[in-house]
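> Sharing a structure, written as C-alpha cells. Questions coming.
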Amino acid sequence: MRSNYKKLGQFIRAIDVRNKEDRKDNLLGVSTQKIFIDSVANTVGTDFKKYKIVKKHQFTYVPDTSRRGDKMGIAMLESLDQALVSQAYTVFEVTDTEQLTPEYLMMWFRRPEFDRYARFKSHGSVREIFDWEEMCELELPIPSIEKQREIVREYNVVNDRIALNEKLMAGLEKSAFAIFEEHFPIHGHEIETEHTILDDLIDFNPKHTIKKNASTTYVEMANVSENSMTIGNPVVRPFTSGSKFKNRDTLLARITPCLENGKTAFVDILSEDEVAYGSTEFIVMRGKGIVSPFWIYCLAKNENFRSYAISSMVGSSGRQRVHSDYLKEYRIDTDALASMSNFHRLATPIFKLISNKHAENQQLKELRGLLLKKVARE
C-alpha cells in the first residue's frame, strides 16, 4: 500500500436504522449514475417498517454488482434530510468528518477505477456480491482535510456550471417548441382540408455510402437523451451497418420503449459533410427544399406527432417499432408552411446557443473527469 493510502474501513461504519415510525415518504433507489432516484418498486402490501433509513451525507450502496454492467450502484444523500431505502441495500457513514469529508469520499466512488475494483472484488456463484468487508478493505489517499475541501470545491464549481448549462438548454428547447406551436398549431390527421404530407417535406432515411470498416463516428441509442436534443459521448469505430446521417438531421427512436420515452436527437456534432452512422433503430429525418431542420426536430418532439407514431407501432411485445412509411402520411396544414422561413429565422439562434452550451458542457465533463483522477494523485 502506498504511504498516503489508507484503508477505508477505519473511516466508516455501517448503519442499520429501520423505519419504526412506518413512514412512507421519500422511498428511493440507487442508480449506476451514482445518484438517488425515486423507487419504482411495487409497494402494495409492503411492510415499510422493514425499510432502512438513510440520512443526509450518509451513503447507500447495492452489494449485488452482477446485474448492473460495469457500474456500481452507490450514492450519497444530499438533497434530503432523510429517506427510505431497501433493506437489501447497505447504508454507512463517515465516522469523523474532520478526517474524511463525505463529499471527497463520494468523488472517489465516482471514479471508474472504483467500479472496476468493486466488480473485481465481488464474489458469489448465482449473484456476485461486493460485501461490507471488501468495502472496508478499499484503499484510497486521504490528504489533509483542507486539501479535501479544496478538491471538492473545484469539483462542485465544474458540476454547478454543467447543471446551469443543462437548465439553460432545457429552457431554450422549450422556447423553440413554443415558437413551433405558435407558427404550426394544427397538424396531424385532424386536418381534413388542404394539407401536405410529410413525404413531400422530409427525406426519411436518406441514402449514403460508407466504406466497410472505415473509421466512422457512431451514435448508439444510449447516446440519445429523452429530454434534450443533444448527443452525448459518440465514439469512432469501424463501419459495419446502421442508419446514416449528417449534421442537421433529426434522429427519431423507432422502437419501444425509446419512442414512448421521447428519445430524439438533433445532429450537430459532426464536421462539415461528415457522414456518421448509428443504431438501426433510428429513423433519420432530413428536410427537403426550404424545410427548416429545426422545424423537423420540433415536430418530432411534438406530442401530437409522437402519439401518431406510437399508435402505429407493430411487432411482438417489447420489440414494437414504427415504420417510416406510416410517418410519411402525417398531415401538415399547407397554409401554415408559409411561416417556415420566419420560424427558421427565429429558431436559428436558439439552436446555435444550445449547440454551443452542449459543446461547453462536453469540455466541462472532461475537466470533471480530470478532477476525479486528481483525487488519486493526492
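> Find the Rg to Rh ratio for region 243-297, where Rh is the Kirkwood radius over alpha-carbon pairs and Rg uses the same atoms. Intermediate results must be reported in sequence, preceding the final value.
Working: Rg = 11.3 Å, Rh = 11.6 Å.
Ratio of gyration radius to Kirkwood radius for region 243-297: 0.97.
> List the trypsin sites (Lys or Arg not before Pro) within region 194-283 that DSSP assigns to loop and that have no more than 14 neighbouring Cβ atoms inside 10 Å. The partial results should precede the final answer.
Working: sites: Lys207, Lys211, Lys212, Lys244, Lys246, Arg248, Arg254, Lys263; in loops: Lys207, Lys211, Lys212, Lys246, Arg248, Arg254, Lys263.
Passing sites in region 194-283 are Lys207, Lys211, Lys212.
> Please express the shape of the chain as an equivalent ellipsoid: the semi-axes are the square roots of 5 times the eigenvalues of the C-alpha gyration tensor, given largest first in whole angstrom. List each step's numbers first, then the result.
Working: eigenvalues 409, 115, 85 Å².
They are 45, 24, 21 Å, listed from largest to smallest.
> Give the Debye-formula value of log10 I(q)/I(0) at each listed q (0.14, 0.19 Å⁻¹), with one equal scatterer per alpha carbon of region 144-249, two decimals each.
-0.92, -1.13
> Say each of Asn227 and Asn205 gets a label point 7 Å from the Cα, pointing the same way as Cα to Cβ; how far apart are those two points in nm?
Between Asn227 and Asn205, the simple spin-label model gives 3.2 nm.
> If you don't mind, there's one more thing I want to ask. Taking a 1.4 Å probe, which of Tyr308, Tyr117 shows the most accessible area, and what order do the others take after it?
Numbers: Tyr308 25, Tyr117 55 Å².
Ranking Tyr308, Tyr117 by accessible area, largest first, yields Tyr117, Tyr308.
> Heavy-atom accessible area of Glu274 with all protein chains present, probe 1.4 Å, nearest 10 Å²?
Glu274 exposes around 50 Å² with every protein chain in place.
> With r defined as the distance between the Cβ atoms of Ser307 and Thr32 and R0 fixed at 30 Å, what FRET efficiency is calculated, to the nearest 0.05?
Details: r = 31 Å, r/R0 = 1.05.
Given R0 = 30 Å and the Cβ-Cβ separation, E is 0.45.
> Between 0 and 90 degrees, rounded to the nearest ten: what's the tilt of helix 340-377 against the longest Cα principal axis of the chain?
20
> Roughly how much of Asp268 is accessible, in Å² to the nearest 10, using a 1.4 Å probe?
Using a 1.4 Å probe on the heavy atoms, I get roughly 40 Å².
> So, one more: Between Lys212 and Lys328, what is the label-to-label distance in nm when each label sits 7 Å out along the Cα-to-Cβ direction?
A separation of 2.9 nm, rounded to one decimal place.
> Taking all protein chains together and a probe of 1.4 Å, list Thr43, Thr216, Thr95 from the most accessible to the least accessible. Please list the in-between numbers first.
Numbers: Thr43 45, Thr216 10, Thr95 65 Å².
Output order, biggest surface exposure first: Thr95, Thr43, Thr216.
> Tell me which of Ala347, Ser279, Gln363 sits at the most positive position along the dipole axis of region 278-378, charges placed on C-beta atoms (Lys, Arg +1; Asp, Glu -1).
Sorting the options by dipole projection puts first Gln363.
> Now, a different point. Where in region 28-57 is the amide nitrogen less than 14 Å from a point lying 7 Å along the Cα-to-Cβ axis of Asp22?
Backbone N within reach: 45-51.
> Lysines near Lys7 by alpha-carbon distance under 22 Å, same-chain residues fewer than 8 away left out - which ones?
Lys34, Lys71, Lys121, Lys147, Lys373, Lys374
> Considering only the other residues whose Cβ falls under 12 Å of the Cβ of Ala222, what net charge follows from Lys and Arg at +1 and Asp and Glu at -1?
Details: positive: Lys263; negative: Glu220, Glu226, Glu281.
Net local charge, Ala222 excluded: -2.
> So what is the relative contact order of region 128-270, in percent, for Cα pairs below 8 Å that sit 6 or more residues apart? Mind showing how you got there, number by number?
Working: 107 pairs, mean separation 25.2, N = 143.
Relative contact order of region 128-270: 18 percent.
> Once you put a point 7 Å from the Cα of Glu133 and another 7 Å from the Cα of Lys374, both along the Cβ direction, what distance in nm separates them?
Between Glu133 and Lys374, the label points sit 3.8 nm apart.
> What order do Asp325, Asp249, Asp81, Asp131 take when sorted by accessible area (1.4 Å probe), most exposed first?
Details: Asp325 80, Asp249 0, Asp81 120, Asp131 55 Å².
Sorted by accessible area, descending: Asp81, Asp325, Asp131, Asp249.
> Let me ask something else. Taking the Cα centroid of region 1-66 and of region 251-282, what is the distance between the two, rounded to the nearest whole Å?
Region 1-66 and region 251-282 have Cα centres separated by 36 Å.
> Rounded to the nearest 0.05, what FRET efficiency do Gln10 and Ser66 have when you use their Cβ-Cβ distance and R0 = 35 Å?
Numbers: r = 28 Å, r/R0 = 0.81.
Efficiency, rounded to the nearest 0.05: 0.80.
> Test of understanding: express the Cα radius of gyration of region 182-306 as a ratio to 2.2 N^0.38 Å, with N the residue count. Spell out each step's value before the answer.
Values: Rg = 15.0 Å, N = 125, 2.2 N^0.38 = 13.8 Å.
Relative to the 2.2 N^0.38 Å estimate, region 182-306 comes out at 1.09.
> Something else: For the pair Lys352 and Phe48, what calculated FRET efficiency results from E = 1/(1 + (r/R0)^6), where r is the Cβ-Cβ distance and R0 = 41 Å, to the nearest 0.05?
0.25
The values are calculated or read from the model by the stated rules, or taken from the named source; none is laboratory data. Keep in mind that what you see is a predicted model, and the values were worked out from it rather than measured. Every residue, glycine as well, gets a Cβ built from its backbone with ideal geometry; the counts of neighbours run over all protein chains shown. SASA here: full protein model, heavy atoms, side chains in, ligands and nucleic acids out. Shrake-Rupley method; radii C 1.70, N 1.55, O 1.52, S 1.80 Å.
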